[in-house]
1. Among (1) away from chain B (no Cβ under 14 Å); (2) buried (at least 24 other Cβ atoms within 10 Å of the Cβ); (3) closer than 22 Å to A:F135 by Cα, there is one condition A:E159 misses while meeting the rest; what is its number?
2. If B:F129 satisfies all but one of (1) in contact (Cβ under 8 Å) with a residue 40 or more places away in the chain; (2) within 18 Å of B:P64 (Cα to Cα); (3) within 7 Å of another protein chain (Cβ to nearest Cβ), what's the number of the condition it fails?
3. Which of (1) at pLDDT 90 or above; (2) surrounded by fewer than 19 Cβ atoms within 10 Å (Cβ to Cβ); (3) not in a helix (DSSP H, G or I) is the odd one out, the single condition B:A57 does not satisfy?
4. How about the stretch B:61-85: which of its residues are of a type in the set (S, T, Y) and free of Cβ contacts under 8 Å to residues at least 60 places away in the same chain?
5. Please go through the stretch B:303-329 and pick out each residue that is surrounded by fewer than 22 Cβ atoms within 10 Å (Cβ to Cβ), under 22 Å from B:V25 (Cα atoms) and either under 18 Å from the mean Cα position of the chain (by Cα) or of a type in the set (D, E, K, R) (or both).
6. Could you say which residue among B:E209, B:E191 is surrounded by fewer than 23 Cβ atoms within 10 Å (Cβ to Cβ) and more than 9 Å from chain A (Cβ to nearest Cβ)?
7. For the stretch A:162-188, give me each residue that is among the aromatic types (F, W, Y) and buried (at least 23 other Cβ atoms within 10 Å of the Cβ).
8. Quick one: count up the residues across the stretch A:119-138 that are surrounded by fewer than 24 Cβ atoms within 10 Å (Cβ to Cβ) and either under 19 Å from the mean Cα position of the chain (by Cα) or modelled with pLDDT of 95 or more (or both).
2 protein chains.
Amino acid sequence: MSAVRLENPHCARHQNAFDAARRLVEDELSAVNALIVERMQSQVPLIPELARHLVAAGGKRIRPVLTLLAARLCDYRGTRQIDLAACVEFIHTATLLHDDVVDESDLRRGRSTANALWGNKAPVLVGDFLFSRAFELMVADGSLKVLQILSHASAVIAEGEVAQLVTANDMATDEAAYFAVIKAKTAALFEAASRIGAVVADRPPAEEEALATFGEQLGIAFQLVDDALDYAASQALLGKTVGDDFVDGKTTLPVILAYRDGDDTERRFWRRTMEDQNQTRADLQQAQSYLARHRAIERTLERALEAAGRARGALELFPASPARRALSEIVDFTVARAY
Amino acid sequence: MSAVRLENPHCARHQNAFDAARRLVEDELSAVNALIVERMQSQVPLIPELARHLVAAGGKRIRPVLTLLAARLCDYRGTRQIDLAACVEFIHTATLLHDDVVDESDLRRGRSTANALWGNKAPVLVGDFLFSRAFELMVADGSLKVLQILSHASAVIAEGEVAQLVTANDMATDEAAYFAVIKAKTAALFEAASRIGAVVADRPPAEEEALATFGEQLGIAFQLVDDALDYAASQALLGKTVGDDFVDGKTTLPVILAYRDGDDTERRFWRRTMEDQNQTRADLQQAQSYLARHRAIERTLERALEAAGRARGALELFPASPARRALSEIVDFTVARAY
């Protein structure tokens, strides 16, 4: 998600903040990238061709970087974090590919994603391949505990994606349902990616849990910022179209807050645009105006700041170190994207 | 695939042949079915709702039955085969769900599958959930060897499905390419399902390999029969529409043989209908007539009989037993479907 969005050169300041954090594990990240390219090879050329589109395009690799930095934070000295960071990225990429699958209705709305080029089926099957490859890599690593963490995270992510589908176009979706969705679809993999760092280093449960909390809260902050920016960012700044969630009728927190606090006219507007998917060109601007009236973007970002604070707090269990500082900078970068 | 097709009461004779083989592991299969229903539960109700559509509809469960019978053949006395048979069925069901994903062009051709009810996205995400659940179950079983076998099989299946996509609508597809596709997309899971029986029983490599060969050859026979019946079966007999592969432009063995041995007129026909997907209502009958001229269905079924013979041959390593007889009867049933 953000990986693509952040390619834009206008984001240089935030890019630099993240790059500084990433620099600490630069060599390991190069090894992760090499492994990703190696392991997405197949006798069926369409697989690397399509996977390259996403996985080798040089996204920010925020999730594998979490695994690398968490292992560093835990003083781990081996090389297992390389393989496991690649697994995490493969799982993420498979999710992205499957998230791109569209229905006829989406096609009519003129969406252009991987499937515009390849049809619906190829991205699904290549996603399955990458997902299987992730498990092959984990099995080669040989830790049943890591396998348990990542297979569970994968099931939770799929549940979260289905829950998101169910809550879309339904204005009865409340804050609790929203947070359940983003914890599952986004925070679960951030949490697993971070937790693994403690697991490979064989650290005590308290440290493993602290890193899990760090990842979970960072993931929540990350998604909240994403959902806020979908209504707030200028296209030039982010290299993405504003209003995708609006067009899809996704019941994200800004909309939930504006609907809850809106008057009858506003509620009718949200039901028409979100539930009936009856939208005109001017509706996005109207939506933004209602969101502004209720400070819905700001209040969403406040929640992101709270989650970011909890993520930073979880790091305090660990003594100060370059790795701790880098993880903290990733938190800063995640919320700074919004400002 | 066949699971659905064989529900038809007209198939009573073959149904009985399979039921006899299955009766030997009836209690275990009930435990597998209970576990499947239990493990497809989720806090997101759409998941069991959609999964039930396929996984709990009471298919023939040919793949999990292979695991149960292979374990029995190897004198295994524990209960691990139950969980692993459920894993195998979950992987198969995830594949079916992902195979149902359609493109706009398919929708235009009026296909009706799970996604006609649920859209494209839900089946993909529920497939991911079942796939993740399969891995969670395997991790709980705790055998890295089993995990290695099934994660590798999953990657091979995905590769096979992509390869099938690439060879569709391409009359340059030859026999070797066809067999590579069916080995990967179908035989790999039959092979893994059978191999696992020897693995849980901790049998020597020769027996594990014999069961793997049995499963692989059975899977090849199974797919060859499926591909022959797609042009040959009467709709009443199989409860399915004849000509699905023709409409999809899948380059299955009957078509490959008829194209190779056809004259210029025939080759132009196959290129128009398969490659250009330019088909009229009368073309299926024309296709069947060309296939008949070259005995393409019979020759495809001869290959199935050869593979079935190799599957039976692989069982000879094992002493005669009710389990060996049941596995042999499954081979009979697989090819008998065609006659």
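The values are calculated or read from the model by the stated rules, or taken from the named source; none is laboratory data. Just so you know, these numbers come straight off a predicted model, no measurement behind them. Note that we place each Cβ from the backbone using ideal geometry, even for glycine, and neighbour counts take in every protein chain shown.
1. For A:E159, the exception is condition (1).
2. (2)
3. With (1) at pLDDT 90 or above; (2) surrounded by fewer than 19 Cβ atoms within 10 Å (Cβ to Cβ); (3) not in a helix (DSSP H, G or I) applied to B:A57, the lone miss is (1).
4. If the condition is that a residue be of a type in the set (S, T, Y) and free of Cβ contacts under 8 Å to residues at least 60 places away in the same chain, then B:T79 is the only one that fits.
5. Within the stretch B:303-329, B:R312, B:E316, B:R324, B:R325, B:S328, B:E329 meet the criteria.
6. Answer to the selection: B:E209.
7. A:Y178
8. Residues that pass the stated criteria total 2.
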